[in-house]
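K.L.:
Structure in structure tokens, see below.
A short reminder: the numbers here are calculations on the coordinates, not readings from a lab. Since the structure is predicted, the reported quantities are computational estimates derived from the model, not experimental observations. With ideal geometry, Cβ positions are generated from the backbone for all residues, glycine too; neighbour counts draw on all protein chains shown.
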Amino acid sequence: MLQENLKNGRYIRLSDGTLWNIRPQDTSITQSWITPAEIIVSQSGDPNYPYKLTNSLTGSSVRAQKAQSVGQ
């Protein structure tokens, strides 16, 4: 589940504690994601952003990579 939308959609934190850095081209999509929403994580095939996060409420998907902390 989506727990936090950080830095205008640049980072997404899920309820399992994972933090995701969103591909810059996709932040216009994640900016509007609100809690609570189920997020489905799958492989994207992109070597730079190897995961795809899909919002089950909106049906929209973005590419992401795991992050350790929220950058500036």
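K.L.:
Over the chain, what is the mean sequence separation of C-alpha contacts under 8 Å (at least six apart), divided by residue count, expressed as relative contact order in percent?
P.N.:
Numbers: 150 pairs, mean separation 21.1, N = 72.
Normalised by residue count, the contact order of the chain is 29 percent.
K.L.:
Can you tell which of 39, 59, 29 lies farthest toward the positive end of the dipole of the chain, using +1 and -1 charges on the Cβ of basic and acidic side chains (Lys, Arg; Asp, Glu)?
P.N.:
Farthest towards the positive pole: 29.
K.L.:
For the range 30-69, what are Rg and Dmax over the alpha carbons, in angstrom?
P.N.:
Rg, Dmax (Cα atoms, Å): 10.4, 29.
K.L.:
Let me know the shape class of the chain, please: from the alpha-carbon gyration tensor, a ≥ b ≥ c as square roots of the eigenvalues, rounded when a/c is under 1.5, otherwise prolate if a/b is greater than b/c, or oblate.
P.N.:
Judged from the Cα gyration tensor, the chain comes out rounded (a/c under 1.5).
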